[in-house]
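The values are calculated or read from the model by the stated rules, or taken from the named source; none is laboratory data. Being a predicted model, the structure only gives us computed values, none of them experimental. Quick reminder, even Gly has a Cβ in these numbers, built from the backbone with ideal geometry, and neighbours come from all protein chains shown. Heads up: the accessible areas ignore ligands, DNA and RNA and are worked out on the full protein's heavy atoms, side chains in. Shrake-Rupley method; radii C 1.70, N 1.55, O 1.52, S 1.80 Å.
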Amino acid sequence: MSSAKKSDLSLSQLYEKCLEEYTAVEEIHKQKQVFRFELSYLEAKAMMKEEELRTWLLDILELTETRAENLRDNPTSLHAKKIVVEYMKEQKMEEEAGAKAEEMEGGREA
């Protein structure tokens, strides 16, 4: 999309486009992470004995579970940020509705 067309988009359209692009980038990043793990596993499988491979996988599983727990428990996690963004959107909408109501009241008084 050209810069001229982007500048013609409404604020909500820009937001949706940003969200769409960001989601696409995150999906690519996720796919790359999975591919890296699969490649590492194949390399390890070729070089390690079964018991070493088992230990390696158990270590990775423990680290991954710990990371997942930290992401869920951490107040700065993506979910928490999403809640804050939703709250901020609601506040902004309430402020805009209040300002609009004040404008209408001002219009009636005049």
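Give me the percent of accessible area attributable to carbon and sulfur for segment 1-96, probe 1.4 angstrom.
Numbers: 5370 of 8930 Å².
Here carbon and sulfur together make up 60 percent of the probe-accessible area.
Give the lysines reachable from Lys32 as a straight Cα distance under 25 Å; neighbours fewer than 8 places away on the same chain don't count.
The qualifying lysines are Lys17, Lys45, Lys81, Lys82.
Would you mind working out the accessible area per residue for segment 1-63, using a 1.4 Å probe, and quoting it in Å²? Spell out each step's value before the answer.
Values: 5740 Å² over 63 residues.
Value returned for segment 1-63: 91 Å² of accessible area per residue.
No solvent, one uniform scatterer per C-alpha: report log10 I(q)/I(0) for the chain via the Debye equation at q = 0.14, 0.19, 0.22 1/Å, two decimals.
Each listed q corresponds, in turn, to -0.89, -1.12, -1.22.
Can you compute the modelled spin-label distance between Met48 and Ala99, with each label point 7 Å from Cα toward Cβ, in nm?
5.8 nm
Using 7 Å Cα-to-Cβ label points, what is the Lys81/Cys18 separation (nm, one decimal)?
Rounded to a tenth, the inter-label distance reads 1.3 nm.
Can you work out the PRE-style zone for Thr64? Point 7 Å along Cα to Cβ, and I want the residues of segment 19-44 with backbone N under 14 Å.
30-42, by backbone N distance to the label point.
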